[in-house]
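Peer 1: Sharing a structure with you now.
Every number here is computed from the coordinates shown, using simple stated rules; none is lab data. Values in this document were obtained by computation on a predicted structure and should not be read as measured data. Backbone-built Cβ (ideal geometry, glycine too); neighbour counts: all protein chains shown.
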Amino acid sequence: MTSSPPPALELTALTRRFGRLLALDDVGLSLAAGARHAVIGPNGAGKSTLLNLVAGTDRPDHGTVALDGRDVTRLSPAGRCRLGIGRSFQQPLAVPELTVLENVVLAGWPRHPRRRGAWRSPAKQRLHTASARRWLETVGLADRAELPAGRLAHGERRLLDLAAALAAEPSVLLLDEPAAGLTDDGVERLTSVLDALDERTAVVLVEHHVEVVARFARTVTVLAAGRVLVTGPARETLARPEVRDAYRGTGPVPAPPSAPRG
Ligand SMILES: Nc1ncnc2c1ncn2[C@@H]1O[C@H](COP(=O)(O)OP(=O)(O)OP(=O)(O)O)[C@@H](O)[C@H]1O
């Protein structure tokens with residue numbers, strides 16, 4: 001009898017306090033390989049905190065993070081990155097003095113042990129650089145490759161951040177508001193990139209841009225005041241009135257469900 005594979009990402013009872021503030025309260029989530037999942041909610045709901053706990057840049061007070069069935073709660077961000085967690089940030093992290101291309105080359109390094117000797121091998125360097133150029137083409141920045149990253153406009157830096165996250169070829173990709181600050185063209189470019197992501201990659205998208213969420217996500221978790229209000233299929237969940245109110249921050253924060261989520 002074949003057993004089903006473990007979830008690509010499984011969060012169990014994640015809880016994070018900042019002093020007296022309960023930023024995340026008993027949050028659970030299970031995503032299979034290839035998931036297209038959005039986490040939405042008003043400002044301060046705990047979305048970035050959740051991504052930080054998954055990426056390992058912050059630690060939970062309680063609860064666990066598992067990647068492909070392996071508990072990674074105590075692993076460093078670099079260790080999780082090597083196991084396949086990749087992310088983009090709300091504030092792009094590119095090194096401004098390096099070129100756009102160099103930033104993507106560097107970002108693609110950690111997950112590829114076979115590339116470790118590449119600095120000493122011109123042939124490997126060429127392959128790795130060609131791969132970085134392809135990621136820049138994917139996000140529409142090929143013509144900026146030789147510019148210092150610090151000279152990019154804000155929206156371009158966000159796309160560079162996305163290319164850098166993709167270059168590591170993650171199995172679980174965390175995207176923190178990738179549409180923020182993008183022009184309409186940038187949003188269009190972003191949605192095409194999201195549509196073309198590797199179908200095996202599980203993606204967690206935190207995003208306020210509701211059209212981007214509606215087009216991309218198959219499932220959605222709504223967070224409100226650190227608690228899961230609902231997790232469900234995207235279309236039905238986004239249409240629920242209490243979700244719309246919580247999302248806009250106009251309605252009362254509803255009580256979390258008492259029954260276990262399906
Ligand atoms: N390092 C920290 N120290 C103290 N409080 C924090 C810290 N990080 C986050 N918080 C608080 O935790 C709560 C959740 O913050 P978080 O950034 O996760 O929300 P968010 O849903 O991502 O909001 P936004 O949509 O504005 O980015 C907020 O009240 C925030 O002020």
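Peer 1: Can you list which of the DSSP-assigned H helices in the chain have a Cα extent of 18 Å or more along the long axis and an average Kyte-Doolittle score of at least 0.0?
Peer 2: On the way: long enough: 122-139 (26 Å, -0.84); 154-167 (20 Å, 0.20).
Flagged H segments are 154-167.
Peer 1: What GluC sites (Glu not before Pro) in the stretch 182-216 are in a loop by DSSP, with at most 11 other Cβ atoms within 10 Å of the Cβ?
Peer 2: Glu199
Peer 1: Related question: With unit charges on the beta carbons (Lys and Arg positive, Asp and Glu negative) and the dipole taken about the Cα centre of the stretch 93-169, which residue among His154, Ala142, Ala123 sits farthest to the positive side?
Peer 2: Comparing the listed Cα positions along the dipole, Ala123 ranks first.
Peer 1: What do you get for trypsin sites (Lys or Arg not before Pro) in the stretch 1-36 restricted to DSSP loop and a cutoff of at most 14 other Cβ within 10 Å of the site's Cβ? Provide the component values of the computation, followed by the final result.
Peer 2: Details: sites: Arg16, Arg17, Arg20, Arg36; in loops: Arg20.
Taking the stretch 1-36 and a limit of 14 other Cβ atoms within 10 Å, the loop trypsin sites (Lys or Arg not before Pro) found are Arg20.
Peer 1: Work the Kirkwood hydrodynamic radius out for the chain: mean of 1/r over every pair of different alpha-carbon atoms, inverted, in Å.
Peer 2: 19.0 Å
Peer 1: Could you grab the relative contact order for the chain? Cα pairs under 8 Å, six or more apart, rounded to a whole percent.
Peer 2: Averaging sequence separation for qualifying contacts and normalising by length gives 25 percent for the chain.
Peer 1: Right, here's the next one. Give the Cα extents of the stretch 93-169 along the principal axes, in whole Å, largest first.
Peer 2: Principal-axis extents of the stretch 93-169 (Cα, largest first): 33, 20, 19 Å.
Peer 1: Please name which of Ser48, Val104, His37 has its Cα lying farthest along the dipole of the stretch 36-105 towards the positive end, using unit charges on Cβ (Lys, Arg +1; Asp, Glu -1) and the Cα centre as origin.
Peer 2: Toward the positive end, the furthest listed residue is His37.
Peer 1: Could you grab the relative contact order for the stretch 93-169? Cα pairs under 8 Å, six or more apart, rounded to a whole percent.
Peer 2: 51 percent
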